[in-house]
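Reading through the structure tokens given below for one structure.
The values are calculated or read from the model by the stated rules, or taken from the named source; none is laboratory data. Predicted model, so just to flag it, every value in this text is computed and none were measured. Here the Cβ positions follow ideal geometry from the backbone for every residue, glycine too, while neighbour counts run over all protein chains shown.
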Amino acid sequence: MNAEQTAETNKVSPELQALRARIDKSVRVPVLYFITTAVAWLVLSVFLGFIASVKAYYPGFLDWDALYFLHYGRLHPAFMNALIYGWGFQAGIGVMLWIMARLCRAELPSSRVLILAGLLWNVGVTFGVISILWGASSSVEWLEFPRWVWPFLFVAYLLITAWVVALFKARTSEGVYISIWYFLGACFWFPWIYGTANILIHHFSGAAVFATATDSWFTSNLILLYFVPVGLGSVYYLLPKVLGRPVHSYQLALIGFWMLAAISGWTGMQKLVGGPIPAWMPAVSAAATVLLLVPVGVVALNHHLTSGGFLALVAVSPTIRFTVFGAMAYTVMSLTLAGMSLLSVSKVTQFTFASAGFNCLAIYAFFSMCMFGAIYFILPRVSGCEWPSGKLIRIHFWFSTYGTVALILCLFIAGFSQGFSVQNPENWNLSFLGPVEKASAWVRGTSIAWGFLLVANLVFFFQVLLMAFRLGRRVSDGPTLFPAGGSH
């Protein structure tokens, strides 16, 4: 078997339908737990992001004695860690569990260990975010949680990985689907990069430059070796499933996977070009980042050939619309990463809002939109009911789209304004606030964008809660699609 052969529209035997029902029942509790808690963290993180965006240009906002912890220096890392570890990981785990069980055609023997791991994960993230707001941040990007928190997350993820591997070993399907390759890669790569980074930074004393280099390697590989595999794994499952046709080329898919695996570990140091580290390290990372465009092109070509001529479903299917947006954002993200690795560009974008713009492009425009598409497909199958409102799904999509695009554009324009001002100090009369004032108008625009995203995710959270409590529409009424004329 060379591709995902089973399409959603294909006629299936009663035996396979019964097996799918048993699989969905076996994973229902952990999948609903991870997805529901993930969306709750998403709402909280976007709310923190909104406040942080206002604080960036108006520090007096909510400047009350009782809210002393709402300073930009605490809000921004709290927002990013809640988005990454609260939303990103739990949404990815919920999606991986369901798709792995379906592709392996294996029932989950027990969900107790997974729920325990989920509770342990949420305890760690909760204490971590509170510690950052309290002022106990480690000040290491994306590793701001106090050093005693990371073992909680590490153990919890190992428990989850063990159950994903157990599903793979218990598979009754023939062959190994490409989505499984990506999910297993994410399961094994994250403990490696997370454990290595935490041990080297928090438990081995050394030069600050060494810790900074390690952190740069970690942040880059967290995107490329966790968020990218989970996002692409869901795309490779959902596109052929909903469109009703197999992946165009299993060989192309494997080339994309193995090139991602081989090249990604060399990236990260390009962000430190011009810094006090050996010049060959940023040069090698920059070359590896540009070389990643090859597997990106392979993946984009495979997706295009798989979906070519069948994308009319974008007008009606929430799953396809979110998934296609995420797949396109992956290509844009990769091109942007390669561009920012060039010396002529990086010397402008270093230490500016452009870095935050790339993070939002990777984690929200690509990964989160892919997860939204997967969740819209998965929840009706595990909850036994359909989404309550197509109009609310439409609001979620368009507010997410406008908010995401506006946020990324504002951050990149603000970043380049900062960078060019620093490069040309005569334009701001050697005033330290000159570059900040140059970017101020665009930073204000990010608050509007975050407002759009907050509305979108409140609507999404409301529908997810209804689905979790099985208060949606009856399945016999048919799937919830975008309303007529809902393409805009």
Exercise. Which residues, counting only those in segment 203-233, are under 28 Å from Thr323 (Cβ atoms) and either aliphatic (A, V, I, L, M) or without any contact (Cβ under 8 Å) to a residue 24 or more places away in the chain (or both)?
Worked result: Leu222, Ile223, Leu224, Leu225, Val228, Val230, Leu232
Exercise. Inside segment 1-116, counting only helices (runs of 4 or more DSSP H) that do not spill past its ends, which hold 1 or more residues that are aromatic (Phe, Trp, Tyr), at pLDDT below 95 and touching a helix residue (DSSP H, G or I) at 6+ places or on another chain (Cβ under 9 Å)?
Worked result: 14-57, 72-81
For this session: Select from segment 245-276 the residues that are touching a helix residue (DSSP H, G or I) at 6+ places or on another chain (Cβ under 6 Å), surrounded by fewer than 17 Cβ atoms within 10 Å (Cβ to Cβ) and hydrophobic (A, V, I, L, M, F, W, C) and list them in ascending order.
Result: Ile255
Problem set entry | Count of segment 186-229 residues which are in contact with a Gly (Cβ under 6 Å, 6 or more places away or on another chain) and of a type in the set (Asp, Glu) | 0
Exercise. Leu200 fails exactly one of the following numbered conditions: (1) in contact with a helix residue (DSSP H, G or I) (Cβ under 8 Å, 6 or more places away or on another chain); (2) surrounded by fewer than 22 Cβ atoms within 10 Å (Cβ to Cβ); (3) touching a residue at least 24 places away in the same chain (Cβ under 8 Å). What is the number of that condition?
Worked result: (3)
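Given the structure, is Gly297 in a helix (DSSP H, G or I) and closer than 21 Å to Leu42 by Cβ? Reasoning before the result, please.
Working: in a helix (DSSP H, G or I): yes; closer than 21 Å to Leu42 by Cβ: no.
Against the criterion (in a helix (DSSP H, G or I) and closer than 21 Å to Leu42 by Cβ), Gly297 does not qualify.
Residues are listed down the side, and each one gets a yes or a no for (1) crowded, with 24+ Cβ neighbours inside 10 Å; (2) farther than 20 Å from Ser220 by Cα; (3) touching a residue at least 60 places away in the same chain (Cβ under 8 Å); (4) among the hydrophobic types (A, V, I, L, M, F, W, C):
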residue: Val284; (1), (2), (3), (4): no, no, no, yes
residue: Gly297; (1), (2), (3), (4): no, no, no, no
residue: Thr306; (1), (2), (3), (4): no, yes, yes, no
residue: Phe310; (1), (2), (3), (4): no, yes, yes, yes
residue: Ala338; (1), (2), (3), (4): no, no, no, yes
residue: Val345; (1), (2), (3), (4): no, no, no, yes
residue: Phe358; (1), (2), (3), (4): no, no, no, yes
Exercise. Which of (1) over 22 Å from Ala356 (Cα atoms); (2) crowded, with 19+ Cβ neighbours inside 10 Å is the odd one out, the single condition Trp148 does not satisfy?
Worked result: (2)
